[in-house]
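Chemist: First the structure, which I've put down as structure tokens, then a few questions once you've had a look.
The values are calculated or read from the model by the stated rules, or taken from the named source; none is laboratory data. In this text, all values refer to a predicted model and were calculated from it rather than measured experimentally. Please note: Cβ atoms are built from the backbone with ideal geometry, for glycine as well, and neighbour counts cover all protein chains shown.
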Amino acid sequence: MILLCYGWKSVKIEYRKIVLGTVEGIKSMKPWKDLFRTHILERGLNYYEEGYVTSLEQTSTGYTAVVEGTEDYDVEIEIRDDRVYDMTCTCPYAEEGNYCKHVAAVLYEIEEGEPDTKIPGNYLQKVQEQNKELQEIIAGIPIDELQEIVFSQATSDEFLYNRIMTKYAPITPCHMIRLKQQVNDIGYHYSDRGGFVDYYHATDYTDALNTLLDENVPLLLEKNYRMEAFELVNCIFYEIGNRDIDDSDGGTSFVADNCYEYWQTILQECNDKEKENMFQWFQDHQENYVIDYLEDYISDFLLNEFHDEELLQKKLHMLDEKIVKFQKENYSGDSYSAYYGMVNNIITRICLMEELSYSKQEIKEYRQKYRNFSEIRKMEIQEYLSDKKYEEAIAVLKESKKLDADKAGLVAEYSQQLIQIYEKRNMQNEYVQELQYQVFECMQRDLEYIVKLKKLCSETEWEEQREKFLQGKTSYWIRYEFLVEEELFERLLQEIQKNQSVHVLDQYEKVLKKYLPNEIRDMYVQYVKKESTRTSDRKSYKYLISYLKKITKYPDGKKIARDIAECWKQDYKRRPAMMDELRKAGF
């Protein structure tokens with residue numbers, strides 16, 4: 001039984017297990033649990049009980065839903081004759097052809113339905129009565145017997161032992177060793193002989209580390225053992241940062257985020273000496289302490305969380321050393337890593353100068369030394385725009401177009417800023433010229449600037465400009481979208497035929513079907529005939545037959561689709577899976 005003190009969610013979970021397990025849900029589906037491995041089913045039930053299933057909607061063929069996690073995963077379930085017919089999910093595990101916990105969670109949600117959303121008052125009352133009864137029984141246990149029960153449990157449960165010692169005993173180096181050993185034991189318990197935590201154990205592993213954090217760090221802080229709390233958090237961060245793990249569900253980030261939040265809490269409660277010790281630890285462990293992106297947590301904390309003037313000055317000195325190191329290595333260019341690159345260090349130093357109340361002139365002079373970097377000039381441009389110094393901003397933008405001429409993305413960005421300024425300042429000639437430059441010299445990602453240019457042209461002028469755009473390279477990403485916008489449907493179809501992409505055809509089918517139904521139908525016919533010669537598994541057959549069904553919605557499509565199906569039955573009669581899928585689809 002879940003105790004009431006564990007919270008409302010736990011009461012709901014227990015209610016589901018006890019009551020809803022015997023109640024028919026909104027859908028009387030025939031057994032589906034045998035489709036899943038036992039551990040996947042258990043994890044799906046946990047996700048369902050924790051309320052991770054959202055946006056559940058019934059469709060004409062089944063259900064769709066979103067299952068929340070580190071990422072939101074889309075689930076689709078097809079149901080036929082009260083049986084689960086097909087299941088898909090966008091998680092990595094499902095994309096490998098497996099039935100995942102996210103799908104299982106949605107099926108639990110479908111099966112239980114609406115009764116889950118409300119707990120009857122009599123059940124809540126029953127839980128309260130049972131808890132009250134338990135409290136009364138515990139209160140009546142003689143103290144020596146109660147102590148014996150606790151002692152017996154604690155000697156056989158290391159977690160309980162450490163919790164009791166953390167809560168009630170002085171914190172000694174020996175106790176910290178036991179807590180750190182508990183961290184190591186979690187890693188050992190959930191990993192294989194090679195130290196790898198696989199997908200099936202990853203969630204339990206990260207949950208255990210988070211539980212260890214949440215149960216011990218607040219107790220240590222409550223007793224003013226701040227550096228011991230910091231030591232424990234670092235130990236857990238090291239464990240998660242060096243453990244080889246299948247992190248498909250993003251559990252590593254959950255633990256790392258929790259560590260970061262505890263670092264923040266500890267820092268807020270520290271005295272000046274302890275803050276210096278923390279600062280030194282972060283400074284010493286920026287590199288090679290943990291693997292991959294988790295190093296960013298350390299550098300991020302170091303640069304963003306210490307705001308005492310003395311520590312700000314230390315950060316300034318640290319950044320100067322890094323910048324000098326880059327300069328000695330003859331670093332040049334504009335690419336840089338997220339935290340260790342020269343440009344980012346320069347920008348961070350400028351921000352520190354502002355926090356330390358350096359004068360605008362001092363900051364400007366420092367920035368001037370590094371104007372070869374685009375990011376520094378962007379800061380300069382933004383400052384001019386904020387101060388409404390448009391002429392100065394225009395000058396830097398024009399300069400930047402020349403300095404960064406080999407970086408197409410940056411040049412496009414500068415051009416767009418110039419267009420905004422010219423439009424705002426009613427500089428019509430400059431606006432038209434820059435708009436033409438943007439459209440014909442910069443790769444277009446949407447129709448925004450094309451539409452702006454069209455508004456400036458007469459009908460005859462626009463036909464010339466439109467053709468110039470279509471003949472150029474800057475239309476590559478929005479070519480199809482542009483042809484739809486211009487209602488050049490025959491030309492769009494020609495483009496799709498030339499590229500032989502059924503996926504692009506699907507994307508524009510709705511609009512093309514209205515104007516060129518026979519041509520679209522014939523393209524789909526050509527596609528299914530061609531693909532039928534090289535499909536060889538049930539999944540491919542189902543996908544192919546979905547296009548056969550699509551053909552039936554076009555003029556004469558039903559007859560054409562039936563004829564194709566009959567040909568397949570003759571030509572591919574030794575493909576039982578294909579024959580089965582044709583039968584299921586009604587052919």
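Chemist: Can you tell me which residues in the range 357-404 are assigned to a helix (DSSP H, G or I), under 29 Å from E310 (Cα atoms) and of a type outside the set (A, V, I, L, M)?
Modeler: Selection gives K360, Q361, E362, K364, E365, Y366, R367, Q368, E375, E380, E383.
Chemist: Right, something else. Applying the selection to the range 521-538, what residues are over 15 Å from C567 (Cα atoms) and either free of Cβ contacts under 8 Å to residues at least 12 places away in the same chain or among the small types (G, A, S) (or both)?
Modeler: D522, R534, S536
Chemist: Also: Under 6 Å by Cβ, and 6 or more places apart or on different chains, what pairs join a residue from the range 46-64 that is assigned by TED's automatic domain parsing to the domain that holds D82 with one that is exposed (fewer than 12 other Cβ atoms within 10 Å of the Cβ)?
Modeler: Between residues of the range 46-64 that are assigned by TED's automatic domain parsing to the domain that holds D82 and residues that are exposed (fewer than 12 other Cβ atoms within 10 Å of the Cβ), the close pairs are T64/E57.
Chemist: Can you tell me which residues in the range 532-555 are out of contact with any Phe, Trp or Tyr (no Cβ under 8 Å at 6 or more places or on another chain) and either assigned to a helix (DSSP H, G or I) or hydroxyl-bearing (S, T, Y) (or both)?
Modeler: T533, S536, R538, K539, S540, Y541, K542, Y543, L544, S546, K549, T552
Chemist: Please go through the range 438-461 and give me each residue that is among the hydrophobic types (A, V, I, L, M, F, W, C) and more than 13 Å from E485 (Cβ to Cβ), ordered by number.
Modeler: If the condition is that a residue be among the hydrophobic types (A, V, I, L, M, F, W, C) and more than 13 Å from E485 (Cβ to Cβ), then V439, F440, C442, M443, L456, C457 are the ones that fit.
Chemist: Could you grab me the full set of residues in the range 484-519 that are of a type in the set (S, T, Y), surrounded by fewer than 17 Cβ atoms within 10 Å (Cβ to Cβ) and within 35 Å of the chain's Cα centre (by Cα)?
Modeler: S501
Chemist: Take the conditions more than 30 Å from E487 (Cβ to Cβ) and surrounded by fewer than 16 Cβ atoms within 10 Å (Cβ to Cβ) and apply them to K569. Does it pass?
Modeler: Answer is yes for this residue.
So that you can scan it fast, the table gives a plain yes or no per residue for (1) farther than 18 Å from L548 by Cα; (2) modelled with pLDDT of 95 or more:
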| site | (1), (2) |
| --- | --- |
| K454 | yes, yes |
| E459 | yes, no |
| F469 | yes, yes |
| Y476 | yes, no |
| V502 | no, no |
| K514 | yes, no |
| N518 | no, yes |
| E531 | no, no |
| R534 | no, no |
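Chemist: Scan the range 468-480 and give yes if some residue there is among the basic types (K, R) and surrounded by 12 or more Cβ atoms within 10 Å (Cβ to Cβ), otherwise no.
Modeler: Yes, that holds for at least one residue.
Chemist: Determine which member of the set D249, D272 is among the charged types (D, E, K, R) and surrounded by fewer than 17 Cβ atoms within 10 Å (Cβ to Cβ).
Modeler: Sole residue among the options that is among the charged types (D, E, K, R) and surrounded by fewer than 17 Cβ atoms within 10 Å (Cβ to Cβ): D272.
Chemist: Just give me the residues in the range 520-548 being surrounded by 14 or more Cβ atoms within 10 Å (Cβ to Cβ) and either of a type in the set (K, R) or over 19 Å from Q500 (Cβ atoms) (or both), in sequence order.
Modeler: Answer for the range 520-548, where residues must be surrounded by 14 or more Cβ atoms within 10 Å (Cβ to Cβ) and either of a type in the set (K, R) or over 19 Å from Q500 (Cβ atoms) (or both): R521, R538, Y541, K542, I545.
Chemist: For the range 83-107, give me the residue count where each residue is in a loop (DSSP other than H, G, I, E, B) and over 18 Å from E42 (Cα atoms).
Modeler: So the count comes out to 3.
Chemist: So if I check each of Y161, Y188, which one is of a type in the set (F, W, Y), surrounded by fewer than 16 Cβ atoms within 10 Å (Cβ to Cβ) and in a helix (DSSP H, G or I)?
Modeler: Y188
Chemist: Now for a different question. Within the range 228-286, restricting attention to residues that are more than 24 Å from P173 (Cβ to Cβ) and among the β-branched types (V, I, T), which residue is farthest from the chain's Cα centre (by Cα)?
Modeler: By that ranking, first place goes to I245.
Chemist: Oh, and also: Yes or no: K328 out of contact with any Ser or Thr (no Cβ under 8 Å at 6 or more places or on another chain) and modelled with pLDDT of 90 or more?
Modeler: no
Chemist: Cβ contacts < 7 Å: first residue free of Cβ contacts under 8 Å to residues at least 12 places away in the same chain, restricted to the range 203-232; second residue crowded, with 17+ Cβ neighbours inside 10 Å, any location; separation 6+ or different chain. Result?
Modeler: Every condition considered, no pair remains.
Chemist: Of the numbered conditions (1) under 27 Å from V290 (Cα atoms); (2) in a loop (DSSP other than H, G, I, E, B); (3) of a type outside the set (S, T, N, Q), P170 fails exactly one; give the number of that condition.
Modeler: So P170 meets the others, but not (1).
Chemist: Looking at S359, S374 in this structure, which one is small (G, A, S), under 26 Å from K315 (Cα atoms) and over 33 Å from the mean Cα position of the chain (by Cα)?
Modeler: Every option except S359 fails the conditions.
Chemist: Select from the range 288-303 the residues that are in contact (Cβ under 8 Å) with a residue 12 or more places away in the chain and not in a helix (DSSP H, G or I) and write down the one among them that is farthest from the chain's Cα centre (by Cα).
Modeler: The selected residue is Y289.
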